[in-house]
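So the structure is just underneath, and the comments pick up after that.
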Amino acid sequence: MFKQSLIAAAIGLAGLAAPVGAGAANPLFSDMFTADPAALVDNGRVYLYVGRDEAKETDKDYVMNEWRVYSSCDMKNWKPHGVPLNVKTFAWAKKDAWAADIVKRDGKYYFYSTVSHATIPGQAIGVAVSDSPTGPFKDARGSAIITNDMTKETDIGWDDIDPAVFVDDDGQAYLYWGNQVMKYVKLKPNMIEFEGPIHTVAVPHFTEATYLHKHKGTYYLSWSREFPEETAYSTGPSATGPWTYRGVIMKKNAIVKTIHHAIVDFNNKSYIFYHNDKLPTGGEYRRSAAVEELHYNPDGTIKFIPQTAEGPAANPSPGCQG
Ligand code: FUB
């Protein structure tokens, strides 16, 4: 109880430096609410990008204006690097620093993110670029790469959200995204233009939060299914399938209905980032990023992942410091 009061006091002082690091477990950060994790492993260090949930307890919608970045050398101790970009990075956007994803290509870091478009009704996806994983990022196009009017499968304004970017071993880049209907498009090597048409992908009970990764030659397409959401996945022989449904790997949260995840390999182990409602006063619009180790079975399927308060054991990455 005493510890919870201290944490709550720290949340009230969000913006002031609060302890992040030594022995930190789940949720990863206690000085603010953080959601929609995206992750990148670069030069032996893992970078974690989150949207900051700024909603008050009484708010009835997301209040999200900026993305934050943290890094770790061991998956246990996290170093804050501030705000590498915010909604204003995209001059054509008006609000909603929703879910994002990042990839490195040819020495540059491309950050794809959901925002609300100022002049084209609905959510859109922008792409920002930086020479460093900690930013600063600038708009790579000067316009959205995806807008709500480009897809017609649903009438909702938020069906073009939650980008997931993946560059295959042959250099072909893919951008997946969607809500209600999953979509993907191939990207040109410049990472800011389409190469071909938009495709739809049928997976069971798709809601949002697509993620694509590759492990030991198998492609894994994962997403948030149902609502409240649970994390499910399929496997396939290529970045575009065909996909075989494999089941649920993380069950839904207690309060918050979303669970947005990201999966990475780091220092010979695999991890899943997600968000929950476990910080005091947490809830639908006050979420907290967390991480667990992810284990593959010998046949390549993923073991079910319980959420824990402890998080993964420290996994110090050789040569990574600070
Ligand atoms: O954070 C806003 C939205 O909630 C994200 O774009 C979705 O993935 C869900 O987590």
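The values are calculated or read from the model by the stated rules, or taken from the named source; none is laboratory data. It should be emphasised that the depicted structure is a prediction, and the values quoted were computed from it without experimental measurement. Every residue, glycine as well, gets a Cβ built from its backbone with ideal geometry; the counts of neighbours run over all protein chains shown. These accessible areas exclude ligands, DNA and RNA; they are computed on the full protein's heavy atoms, side chains included. Shrake-Rupley method; radii C 1.70, N 1.55, O 1.52, S 1.80 Å.
Some notes on this structure:
- With protein chains left intact and a 1.4 Å probe, residues in the chain average 42 Å² of accessible area per residue.
- Between segment 96-129 and segment 222-238, the alpha-carbon center distance in angstrom: 22 Å
- Structure-based [θ]222 nm, the chain - -39500 (n - 2.57) summed over DSSP H runs of at least 4, per residue, nearest 500: -1000 deg cm²/dmol
- Using Cβ point charges alone (K and R +1, D and E -1), the dipole size of the chain about the Cα centre works out to roughly 460 debye.
- Spatially proximal aspartates and glutamates relative to Lys94 (Cα-Cα < 20 Å; intrachain offsets below 8 disregarded): Asp36, Asp53, Glu54, Asp59, Asp61, Glu66, Asp139, Asp149, Asp159, Asp160, Asp162
- Summing +1 for each Lys or Arg and -1 for each Asp or Glu among the other residues whose beta-carbon sits under 9 angstrom from that of Thr151 gives -2.
- Potential extension, Lys188-Lys214 segment - 0.36 nm per residue separation minus Cα distance: 7.4 nm
- Surface composition of the chain: carbon plus sulfur atoms hold 52% of the accessible area, using a 1.4 angstrom probe and ignoring ligands, DNA and RNA.
- Förster-model FRET efficiency, 41 Å R0, Thr281 and Gln321, C-beta, rounded to 0.05: 0.70
- Placing dummy labels 7 Å off each Cα toward the beta-carbon, the span from Thr58 to Glu310 is 4.2 nm.
- Restricting segment 155-223 to GluC sites (Glu not before Pro) in coil, as DSSP defines it, with at most 13 other Cβ within 10 Å: Glu193, Glu195
- Lysines with Cα under 19 Å of Lys152, excluding same-chain neighbours fewer than 8 positions away: Lys183, Lys186
- Once the C-beta distance of Ala91 and His205 is scaled by a Förster radius of 30 Å, the resulting FRET efficiency is 0.25 to the nearest 0.05.
- DSSP-assigned coil residues among trypsin sites (Lys or Arg not before Pro) in segment 184-225, each with at most 14 further Cβ atoms within 10 Å: Lys216
- Pair Asp168, Glu153: separation of 7 Å Cα→Cβ label points (nm): 1.9 nm
- Entries of Lys108/Lys269; Lys214/Lys257; Lys56/Lys257; Lys108/Lys188; Lys104/Lys138 with Cα pairs more than 19 Å apart: Lys108/Lys269; Lys214/Lys257
- Between Asp265 and Asp42, the contour length at 0.36 nm per residue exceeds the Cα-Cα span by 79.2 nm.
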